[in-house]
1. How much length is gained if the chain between residue 62 and residue 41 is pulled fully straight, taking 0.36 nm per residue apart and subtracting their Cα-Cα distance, in nm to one decimal?
2. Do the sum for the chain: with -39,500 (n - 2.57) for every DSSP H run of n ≥ 4, divided by all residues, what is the mean residue ellipticity at 222 nm, to the nearest 500 deg cm²/dmol?
3. So if we plug the beta-carbon distance of residue 69 and residue 139 into 1/(1 + (r/R0)^6) with R0 = 30 Å, what FRET efficiency do we get, rounded to 0.05?
4. Just flag the trypsin sites (Lys or Arg not before Pro) in the stretch 72-168 sitting in loop per DSSP whose Cβ has no more than 13 other Cβ atoms within 10 Å.
5. Where the only charges are on Cβ atoms (+1 Lys, Arg; -1 Asp, Glu), what is the dipole of the chain about its Cα centre, to the nearest 20 debye?
6. Can you work out the Karplus-derived ³J(HN,Hα) for every residue in the stretch 65-75? Use 6.51 cos²θ - 1.76 cosθ + 1.60 with θ = phi - 60°, whole Hz, and x for glycine or proline.
7. Going by a ≥ b ≥ c, the root eigenvalues of the Cα gyration tensor, does the stretch 43-129 fall in the rounded group (a/c under 1.5), the prolate group (a/b larger than b/c) or the oblate group?
8. Given the whole protein assembly as supplied and a 1.4 Å probe, what does the accessible area of residue 71 come to in Å², nearest 10?
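The values are calculated or read from the model by the stated rules, or taken from the named source; none is laboratory data. Worth saying up front: this structure is predicted, and the values here are computed from it rather than measured. Methodologically, a virtual Cβ is constructed for each residue, glycine included, from the backbone with ideal geometry; neighbour enumeration extends over all protein chains shown. Calculation scope for accessible area: heavy atoms of the full protein, side chains included, ligands and nucleic acids excluded. Shrake-Rupley method; radii C 1.70, N 1.55, O 1.52, S 1.80 Å.
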Amino acid sequence: MGVNSGSGLASLERMPGYVFRPYRGPDDHGAMAAVRLGCVEGDRVDARSVVQGVPTPAEIAEACATLDDPSENQLLAEHMAGVALCSIRRQDPTIGEVEELSVWAESRRLGLGRALLLEGLRCLREHGAETARLHTGTANPHRSYDLYESVGFRRQNEYVRYRKPIAV
């Protein structure tokens, strides 16, 4: 998908009660992890999964350290109602990736996720991305893929994961 699909800023301005700001550094890691943890139950995320797992503040710090300028490509909603983490791929700076889009259950269905996503795509475009990608499960109970498709993302593949408890 091209990253030119809409302007997130216009959407953000129409959301009274929310203050949006760029990532400020290590002091944000704990709150970012708390948002992810707060989404686990509502999103039915398997916190033990290596694919779906919930990052710790240290893991978020490690991921942010790999970004060229995290304050330029991460947008946070004050009070941590939502997080959009977008980055430019080092291997190919024309590809942007939406690594994370999380919105607290109490703040969903208000347009916050769409606004964060569109602003993240705008930031990716400003930093040279020509396309954007993301990974999500099609079994998501909140149908987040509907949001992604509504802003222009198109499914490329569907992956199936199997799990079996094993007794020792």
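1. Working: separation 21, 0.36 × 21 = 7.56 nm, distance 2.47 nm.
Contour length minus Cα-Cα distance gives 5.1 nm.
2. Values: 6 runs with 56 residues, N = 168.
Taking each H run of at least 4 residues, the total per residue is -9500 deg cm²/dmol.
3. Values: r = 34 Å, r/R0 = 1.15.
Efficiency at R0 = 30 Å is approximately 0.30.
4. Numbers: sites: 89, 90, 108, 109, 114, 122, 125, 133, 143, 154, 155, 161, 163; in loops: 89, 90, 108, 109, 143, 154, 155, 161, 163.
Sparse-neighbourhood loop trypsin sites (Lys or Arg not before Pro): 89, 90, 109, 143, 154, 155, 161, 163.
5. Numbers: 20 positive and 23 negative charges, 135 e Å.
Once rounded to the nearest 20, the dipole reads 640 debye.
6. With coefficients 6.51, -1.76 and 1.60, one gets 5, 7, 7, 5, 8, x, 6, 8, 10, 10, 10 Hz.
7. Values: a/c = 1.86, a/b = 1.21, b/c = 1.54.
Note, shape of the stretch 43-129 comes out oblate.
8. 50 Å²
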